[in-house]
Amino acid sequence: MTTENELHTEPHTEAVPFNPFEDDDYEDSTGILALLDDLGTIRDTSDVGNRSREQALTTFRERRGAHRQGRTVADGMVTLPFIRPINALGSLIDPSKEDDPPQLKPGDMVADQYEIAGVIAHGGMGWIYLANDRNVSGRWVVLKGLMDDVQARDHVVADAEREFLADITHPGIIKIFNFIDDPRVPGGFIVMEYVGGPSLKDLRKEQPGHVFDVDIAIGYILEILPALEYLHSRGVVYNDLKPDNIVVTEDQVKLLDLGAVSGIGAFGYIYGTKGFQAPEVATEGPSVASDIYTVGRTLAAMCCRLPIVDGVFAPGLPSPSEEPLFRQYLSLYRLLLRATHEDPKQRFRDISELQTQLYGVLREILATRDGKQFPAQHSLFSPQRTTYGTKHLVFRTDQLIDGIDRRVKITSPEIVAALPVPLIDRNDVGAALLSGSSYAEPSEALETMRQAMQAEEYASSTEIPLGVVRALLDLGFTAEARTWLVSLAPKLTQDWRYQWFSGVTDLLLDDFEAAQEHFNNVLNILPGEAAPKLALAAVAEMLLQQAALEQAPLLDAATTRARSSWKSLMSATTRAAANIDTTPAELVISTDPESLRYQAMVLYGLVWATNPATVSSAFGLARQLMAEGQVELAVAALDKVPQPSRHHRMAKLTTILQLVSGTPEDLTEARLRRAARRLEEIPTNEPRFLQIKIAVMSAALNWLGSHNLDSAASSNDLFEWPFTERGLRTGLAAALRQQARSAPFARHRYTLVDIANAVRPTTRF
């Protein structure tokens, strides 16, 4: 046991003397050391230490400005460039250009500590000075003060800023060191951290076209959102977010100038910047929604050219027909539309919701632009539960086995079973109850939720009423689920989960137009989610199937012209979007067959490009491309199905059938041989190997006949048979007889033998 005396002798932090000139083994035979001891004022141990520390500090400051690799942000999706720190004195400006001269001049001292070096900015509330902190090793600081003719209301703002800033500590917000009263400047000074870097406004001017790359712009915004969320959690809003107030140095992104900070719902003089400030601030006051508006405007100003009227950014956003960036990335456009909506209630509820959708939009941009996929770590939906439409083309070949015609069509229950489901909001008061009932039978869960809704503690829950919808759908009471949703409409219409379940219910009832509208509402609310895009694509396909147009070519050939790569496919779809003179909403909410086909193609493509795990989107995209006669693009889409996927073999078989599909006139020898090689790569234990082989040989034989050819141009065999009419007839007859041996019905077995006899080459005996 440790005694009290031992506790007092425990190791603690202490200084260890180090003198590089001292040598314990050196014998002072000449008396030099004694002489140096007498000259201690020239060089003692403390002087050596000071020089060492000064040298280390100099090295630190030199290397701080050295170029380093940028910092990876946004879950590894974006690398922000390294910004070399700006020399403090190089940031000084000439104050003579302003009408109001600064109160202080270079060399003036403030509080006997801060030596003024000059001015670095002239803001709306006064001059901003650069000063040298004599008490902290010459550290550069910023002194912010008010103008001489400041009004009383400006003093109030300054006092409020002092109160807020004194208690704010966040790595994304500039540090406050001190508050100083000075008779020369009414209101005194706020002493702040000097961040030696340009603002995003200055950086934007250096970019090509004076705009950031969209991924870099999103990366900067994602870095600043935690600071805003911190302020909101403390009951205050920033009010004046704009590129000017975001500074970057080295790998740091910080908020500057908190002079406009105010309490949520505060009244009086609320400071902001025209072109960025929300329109309702003057009538309803500042709020989280008004801050989100400034985020949307700031992001828009960073990545596109906003229209300017009288030197101020005009309200609203340019349409996709006016802004190429929005034509290319419609999800980004939808996000900005919601963030800057005129109605504050239509904007994102909080910074967290905005952040989640911004991550989703960024993933989609990088996937379609660079072909890079990132795991969906931020989503409000579960992964896709199963697949739909993955076996339909291959299933049709099963007719060779039993003679049963399989014209299989996609059904609504099949789609609903595959779609992702909304995750439970853990902040909802009923979340714990629903988590427990998820393992119960639907009828038991329904009874549990019925009783919970009668309890006062769950009166504010949104998840429990929607959980009733889940249970009713699981029980197959679709009409009852719709009736229940109608009763919830007055309370939950603006909730995306209500819109989602309404869309699912309408889809199960085959009311595809109503389902389309609901899913589109979800996409407007959650533009970064893949689930509503997949649902909208499926609904568009169902509408085409309802009109018996699912296999009919509908688009102009130039729109869907064959490309050789996946990236080319996405480029083709975005270019096609640019040629359609309409709004994104009209592109989705439509029953026009051409628009439906285009929407199904683009939305399936976006989902598949962003997340290779959503195999249904790959097959859906392939179906749309095949309907338009774009065989090569359809094959390329299914070739992206990863090999570890359990759907990889089905995708491979589907591409074989795609290559031999179409009229004999459309086929080529190259496509037929590619199909054969693909089948030969599949193990012979594949149950459908023989019937797919028969399909390929039949297509090859028909191709020879349609072109009046006795043989192919190449002498190489097709499978183990010569690529001639006689060779293919012989091989096809043998394959049909082999298929007949496994036929489950005698009638079909005889049919296959008859076909084999009909196709085999004529003999003389």
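Just need a number here: residues in the range 323-362 that are farther than 21 Å from Asp213 by Cβ, among the charged types (D, E, K, R) and assigned to a helix (DSSP H, G or I).
3
Please pick out the residue among Ala278, Ala301 that is of a type outside the set (D, E, K, R), over 30 Å from Pro81 (Cα atoms) and either in contact (Cβ under 8 Å) with a residue 12 or more places away in the chain or part of a loop (DSSP other than H, G, I, E, B) (or both).
Step by step, each of Ala278, Ala301 is checked, and only Ala278 is of a type outside the set (D, E, K, R), over 30 Å from Pro81 (Cα atoms) and either in contact (Cβ under 8 Å) with a residue 12 or more places away in the chain or part of a loop (DSSP other than H, G, I, E, B) (or both).
Identify, from the list Ser571, Ser502, Ser564, the residue that is at pLDDT 95 or above and at negative phi.
Only one candidate qualifies: Ser502.
Just to be sure before I move on: is Ser461 part of a loop (DSSP other than H, G, I, E, B) and surrounded by 18 or more Cβ atoms within 10 Å (Cβ to Cβ) in the structure I sent?
The answer is yes for Ser461.
So, in the range 232-273, how many residues would count as being closer than 20 Å to Trp127 by Cα and assigned to a helix (DSSP H, G or I)?
6
Could you list, in sequence order, all residues of the range 266-288 that are within 16 Å of Glu229 (Cα to Cα) and either surrounded by fewer than 22 Cβ atoms within 10 Å (Cβ to Cβ) or not assigned by TED's automatic domain parsing to the domain that holds Leu306 (or both)?
Going residue by residue through the range 266-288, those that are within 16 Å of Glu229 (Cα to Cα) are 286-288.
Passing the criteria: Ser287, Val288.
Would you point out the residue of the range 214-244, among those that are without any contact (Cβ under 8 Å) to a residue 60 or more places away in the chain and charged (D, E, K, R), that is farthest from Leu80 (Cα to Cα)?
This residue is Asp240.
Results for (1) part of a loop (DSSP other than H, G, I, E, B); (2) among the basic types (Lys, Arg), shown as yes or no for each residue.
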| site | (1), (2) |
| --- | --- |
| Arg426 | yes, yes |
| Leu434 | no, no |
| Met449 | no, no |
| Leu466 | no, no |
| Ala479 | no, no |
| Trp484 | no, no |
| Lys491 | no, yes |
| Tyr498 | no, no |
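Of the residues that make up the range 205-218, is at least one aromatic (Phe, Trp, Tyr) and touching a strand residue (DSSP E or B) at 6+ places or on another chain (Cβ under 9 Å)?
No, every residue in the range 205-218 fails to be aromatic (Phe, Trp, Tyr) and touching a strand residue (DSSP E or B) at 6+ places or on another chain (Cβ under 9 Å).
Can you pull out the residues in the range 396-449 that are free of Cβ contacts under 8 Å to residues at least 12 places away in the same chain, under 30 Å from His748 (Cβ atoms) and of a type in the set (Lys, Arg)?
Within the range 396-449, Arg406, Arg407 qualify.
Can you go through Leu222, Leu228 and tell me which one is buried (at least 23 other Cβ atoms within 10 Å of the Cβ), at pLDDT 95 or above and aliphatic (A, V, I, L, M)?
Only one candidate qualifies: Leu228.
Which is surrounded by fewer than 20 Cβ atoms within 10 Å (Cβ to Cβ), within 20 Å of Pro183 (Cα to Cα) and either modelled with pLDDT under 80 or touching a Gly at 6+ places or on another chain (Cβ under 8 Å) (or both), of Asp167, Asp133, Asp159?
Details: Asp167 fails: within 20 Å of Pro183 (Cα to Cα); Asp133 fails: either modelled with pLDDT under 80 or touching a Gly at 6+ places or on another chain (Cβ under 8 Å) (or both).
Answer to the check: Asp159.
Kindly list, by first and then second residue, each pair from a residue in the range 701-716 that is farther than 17 Å from Arg760 by Cα and surrounded by 13 or more Cβ atoms within 10 Å (Cβ to Cβ) to a residue that is aromatic (Phe, Trp, Tyr) and modelled with pLDDT of 95 or more, limited to pairs with Cβ atoms under 6 Å and residues at least 6 apart or on different chains.
From residues that are farther than 17 Å from Arg760 by Cα and surrounded by 13 or more Cβ atoms within 10 Å (Cβ to Cβ), the pairs are Ala712/Phe723.
Which of the residues belonging to the range 182-219 are at pLDDT 85 or above and in contact with a Phe, Trp or Tyr (Cβ under 8 Å, 6 or more places away or on another chain)?
Asp182, Val191, Met192, Glu193, Tyr194, Leu200, Leu203, Arg204, Phe212, Val214
Can you find a residue in the range 363-385 that is surrounded by 21 or more Cβ atoms within 10 Å (Cβ to Cβ), aromatic (Phe, Trp, Tyr), closer than 30 Å to Met650 by Cα and outside the structural domain of Tyr293 (by TED's automatic domain parsing)?
no
The values are calculated or read from the model by the stated rules, or taken from the named source; none is laboratory data. Since the model is a prediction, treat every value here as computed from it, not as a measurement. Note: ideal-geometry Cβ built from the backbone for every residue, glycine included; neighbour counts use all protein chains shown.
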